[in-house]
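Engineer: One structure follows; several queries about it will come next.
Please treat every number below as a calculation from the coordinates, not as lab data. On a predicted model such as this, the values are computed, not experimentally measured, just so you know. Quick reminder, even Gly has a Cβ in these numbers, built from the backbone with ideal geometry, and neighbours come from all protein chains shown.
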Amino acid sequence: MESEPGKGHEKNVQLHADEQKTREIDVEAVHVKEVSQFAGKKEPELFIGMRLIVECKKSETHAWVFFTRPYQYEIRPSIGEFQTFDFLEVLSNGKISLLDQAADEFGMPHLHYSRFNRQANTYSEVKLQKLQGQPSKPTKSEIFEAQNQLMKYMNYSNEQEAKKISRDVTRRDVLFNFLAIAFDGLLYEATLDDGKLALRRKNHVLLESRTQKGEYYQSCMIDVVSASWFPRYLKLLEKDVDEILSYFRTNRRKMIHKVESLIDAFSP
């Protein structure tokens, strides 16, 4: 992955024009294979963007505990619905998306999320020791703060992409957002086994975050990864990138044909 240009360890900052507030994030990176799509003389028929967005947290006083449960109906997730964005959503005013249409006909690429058989929806930050002069409870939820910042930053970035597509309706952009929290501290998974609560040290936990989009709620899958395990996490994303690009190469001709028919349906 290649990070966006910046100076040292400064955060990437974007200004929200309507709210007049900045959207900051610790790391935003794109894969070199995304850039290589522009190596030819012509622009790609479909541009596949793959963005990694990371918030970094550290705690020496609190352990992070995620309460996981098995997936319902034994269906393991692919990437969350809210993590993808494509040009058809802009051209159809949100009525359809290319990825939804493609999933019905071609399925979806097999990504690292399906490796998990459990996911977390709730969590807690548990104090490890009572320090003199320190409050007995955290003054703020670092997990919630990181989760919220990832969602806001991704949403704002997608808004900016939508504006670019609106200005140039010939663009054929499809974006995949990978969200991660890199945590330097003690990370645990909590499960309920035979009525008893069990704690296990973990290096990687999958956190589902749900957000409202229009009348519906959509999910995001956030990888919570220990700092020492992060290089291995990047290798999982390397495989995801290859799966995504292979998926579009394999189905490119049929997908382009579907794109043109869908665009005609929404043309004035």
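Engineer: Tell me, 85, 144, 230, 106 in order of fewest to most beta-carbon neighbours within 10 Å?
Structural biologist: Placing the least packed residue first, the sequence is 144, 106, 230, 85.
Engineer: Another question, then. Before anything else, pin down the relative contact order of the range 158-268: Cα pairs under 8 Å, at least 6 apart, normalised by residue count, whole percent.
Structural biologist: 20
Engineer: What is the order of 58, 33, fewest Cβ neighbours within 10 Å to most?
Structural biologist: Details: 58 10, 33 15.
Least to most surrounded, the residues fall as 58, 33.
Engineer: Compute the Cα gyration tensor for the range 189-261, then decide on rounded, prolate or oblate, letting a ≥ b ≥ c be the square roots of its eigenvalues: rounded whenever a/c is under 1.5, prolate when a/b is larger than b/c in the other cases, and oblate in all that remain.
Structural biologist: Oblate is the answer for the range 189-261, as a/c is 1.5 or above yet b/c matches or exceeds a/b.
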